[in-house]
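J.: Input: one structure, supplied below.
Since every read-out is calculated from the coordinates, none of them should be taken as a lab result. Remember, predicted model here, so these are calculated numbers, not experimental data. Neighbour counts are summed over all protein chains in view; Cβ atoms, including those assigned to glycine, are modelled from backbone coordinates with ideal geometry.
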Amino acid sequence: MGKRILVQRRGDGGMRYRSHNKGKIAPASYPFLDPSNTTSGIVKDLLHERGRSVPLAKVVFGNKTSYLPAVHGLKVNQEISIGSNSEIQNGNILPLSDIPEGTSICNIERTYGDGGKIAKSAGTSALLYSKTSSGSIVRLRSGKSILIQQNCRATIGALAGAGFKEKPFLKAGNKAHYAKAYGILHPKVRGVAMGSHYHPFGGGRHQSPHQSTSTSRNAPPGRKVGSIAASKTGPGRARRKSRIAEV
């Protein structure tokens, strides 16, 4: 009887490979308020949520409580506002149509009312590059530019927690707890280090696949590992990528 390899077990979506709900506070999204009015809120607390790199700001808008990704420099008891007439300052939430070009923004909505989907991880931000008749052009940290409708909302500033990756784990236990909170499989064993019944590249007293690592797109489950449907592999591929980077 065959044995499913690790890649297949992860694809099944078992509890071991999911991010846990324990320690979660609330979804980080914008509140449903009248877009024609400007509403002020008070930051009551800054919280840490398990499995989320950026701190959460607990903001009270009148009789509504919302949890938003905290921008860099946000303080407890600070007043922020949401609406078209809000000032251009860190933490305020405005539609893209009312934000000047060249402003650093974060927690950007992809479609109006989704609560914010873009630039939500710690330390990230995007740039409102320009505006056109069809929408606003937002340039992401990756260099990619996307077109978003003018009525979508965004937060002024960059998100807090930019240096969370600079702190070393020091111990394997710390890394294990981190991976469990984020739903990451840890430790990750190489295929060549496994037995032959666990992985196609395993087996033998050698640390090498001893076969081609290129795999067909139509390979059966359990064999579809390595460089799947690769057009090119090896040193030539690396040289080609370096030439493209120089251009």
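J.: Say each of ASP34 and HIS186 gets a label point 7 Å from the Cα, pointing the same way as Cα to Cβ; how far apart are those two points in nm?
T.: About 4.8 nm, to one decimal.
J.: As a test of the definition: which semi-axes, in Å, follow for the stretch 122-176 when you take the square root of five times each eigenvalue of its alpha carbon gyration tensor? Largest first, please.
T.: Here the semi-axes work out to 35, 11, 9 Å.
J.: Would you work out if the stretch 79-140 is rounded, prolate or oblate? Take a ≥ b ≥ c from the square roots of the eigenvalues of the alpha-carbon gyration tensor; rounded if a/c is under 1.5, else prolate when a/b is larger than b/c, oblate otherwise.
T.: Judged from the Cα gyration tensor, the stretch 79-140 comes out rounded (a/c under 1.5).
J.: With a 10 Å cut-off between alpha carbons and a GNM built on the chain, which of ARG110, ARG223, ARG205 moves the most?
T.: Maximum among the listed residues: ARG205.
J.: Next question. Whole percent per 10 Å bin, from 0 to the bin with the longest distance: what is P(r) over all C-alpha pairs of the chain?
T.: Bins of 10 Å from zero give 7, 22, 23, 23, 16, 8, 1, 0 percent of pairs.
J.: Which lysines, if any, have their Cα less than 22 Å from the Cα of LYS232, not counting same-chain residues under 8 positions apart?
T.: The reachable lysines, counting only those whose Cα sits under 22 Å from LYS232, are LYS224, LYS241.
J.: Something else about it: Looking only at chymotrypsin sites (Phe, Trp or Tyr not before Pro) in DSSP loops with at most 16 other Cβ atoms within 10 Å, what is the longest site-free stretch of the chain?
T.: Counting at most 16 other Cβ atoms within 10 Å as exposed, the longest clean stretch of the chain is 33-111.
J.: Same structure again: If you build the Cα gyration tensor of the stretch 39-156 and take the root of 5 times each eigenvalue, what three semi-axes come out, in whole angstrom, biggest first?
T.: Result for the stretch 39-156: semi-axes of 23, 16, 12 Å.
J.: What angle do you read, to the nearest 10 degrees and between 0 and 90, between the alpha-carbon axis of helix 172-182 and the longest principal axis of the chain?
T.: That helix lies at roughly 60 degrees to the long axis.
J.: Given R₀ = 35 Å, what would the calculated FRET efficiency be for VAL7 paired with SER97, taking r from the Cβ atoms and rounding to 0.05?
T.: Working from the Cβ atoms, E equals 0.15.
J.: Per 0.36 nm of contour for each residue apart, how much would the distance between SER133 and ASP45 grow if the chain were fully extended, relative to their Cα-Cα spacing?
T.: 27.7 nm
J.: Work out which GluC sites (Glu not before Pro) in the chain are exposed loop sites (DSSP not H, G, I, E or B, at most 12 other Cβ within 10 Å) and give the longest gap free of them.
T.: Looking at the chain, 1-86 is the longest stretch - no exposed GluC sites (Glu not before Pro) with at most 12 other Cβ atoms within 10 Å.
J.: For the chain, what does the helix formula give at 222 nm: sum of -39500 (n - 2.57) over DSSP H segments with n ≥ 4, over the residue count, nearest 500 deg cm²/dmol?
T.: -3500 deg cm²/dmol
J.: From a point 7 Å beyond the Cα of ALA26 in the direction of its Cβ, which residues of the stretch 63-100 have a backbone N at a distance under 14 Å?
T.: 63-70
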